[in-house]
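A.B. asks: One structure is given below, represented as structure tokens, and several questions about it will come after.
The values are calculated or read from the model by the stated rules, or taken from the named source; none is laboratory data. Given the structure is predicted, the values throughout are model-derived calculations rather than measurements. These accessible areas exclude ligands, DNA and RNA; they are computed on the full protein's heavy atoms, side chains included. Shrake-Rupley method; radii C 1.70, N 1.55, O 1.52, S 1.80 Å.
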Amino acid sequence: MSVIERIEHVRDAKWFSNLTTFIILAYASVLGFKTMGEVETNYALFLQLADIFVTIYFIFEIAIKMVAEKKFINFFKNGWNLFDFIIVVITLLPLEQSGFAAIARMLRVFRVLRLFTARPELKAILDMLIKAIPSIIDIVILMFIIFYIYAIIGNFYFQELPSGLWKDFLISMLTLFRVLTFEDWTDVMYEAMEVYSWAWIYFVSFVIIAAFVFFNLFVAVIIGEMQKIQDADLAEEIHEDSKKLDALLNEMKALREEVAQLKETKKE
């Protein structure tokens with residue numbers, strides 16, 4: 001096995017992915033400890049060494065991924081590899097001792113995002129969500145239209161209520177968002193019902209349409225994308241099995257031809 005093949009084996013190994021995941025989670029814990037004043041003061045050296053270790057490991061990991069590619073440029077053709085590379089480069093910028101020290105500390109938080117690329121399962125989920133964005137945008141647009149109509153109606157009828165939750169269009173939109181999250185929405189409804197007894201129709205219909213219908217639409221879109229990914233994976237597995245079966249049949253055919261040639265040779 002050549003050196004490149006060994007590096008490829010390390011890159012694709014499950015233990016390497018698990019090690020990267022563990023280091024990222026440990027570093028996330030370190031960042032959490034850094035927010036505690038006493039901990040950062042008492043363990044400053046340990047935190048500094050942990051930061052250096054993580055930096056070196058990330059450089060090592062990126063180097064392995066680059067070397068494992070048959071062509072160096074292929075590394076940057078993969079969007080996730082480019083994402084990793086940008087995060088590592090940004091966190092290497094010498095900003096700690098400059099006037100941008102606060103920005104440098106903030107940028108280190110982005111190292112935790114490497115967890116997305118360290119776990120293939122997380123990458124699959126993110127890919128699924130990215131593919132669902134066009135459908136989600138359509139749902140959000142439709143939802144905004146519903147919000148807009150209900151906000152105008154709410155402002156028209158409930159503008160004079162003492163709570164001031166409907167005094168203008170923007171406040172009405174925020175109030176409807178509160179109703180959508182079920183945050184004391186019955187209090188808002190009962191206040192309106194003290195003036196308009198039919199107000200429950202307005203609120204109940206909005207909850208049914210915005211909360212239940214649209215929530216299920218989001219779930220349906222995500223499930224649909226997950227099903228597409230599963231179908232694609234299944235089709236790929238079937239294709240791979242078909243290729244293996246074809247190769248096996250070709251080997252059997254070649255073996256039969258060799259046996260037939262040996263029989264002819266013996267007859268001669």
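A.B. asks: Would you point out which residue out of Y196, Y202, Y190 is among the aromatic types (F, W, Y) and not in a helix (DSSP H, G or I)?
C.D. replies: When all the criteria are applied, what remains is Y196.
A.B. asks: Which of the residues that make up the range 194-247 are over 15 Å from L180 (Cα atoms), of a type in the set (S, T, N, Q) and open to solvent by 70 Å² or more (accessible area, probe 1.4 Å)?
C.D. replies: If the condition is that a residue be over 15 Å from L180 (Cα atoms), of a type in the set (S, T, N, Q) and open to solvent by 70 Å² or more (accessible area, probe 1.4 Å), then S197, Q227, Q230 are the ones that fit.
A.B. asks: Here's another thing I want to ask about it. Residues being open to solvent by 70 Å² or more (accessible area, probe 1.4 Å) and part of a helix (DSSP H, G or I): count how many of those fall in the range 1-10.
C.D. replies: So the count comes out to 5.
A.B. asks: Let me ask another. Do any helices (runs of 4 or more DSSP H) lying entirely in the range 16-129 carry at least 3 residues that are at pLDDT 75 or above, and which ones are they?
C.D. replies: 44-68, 72-77, 79-92
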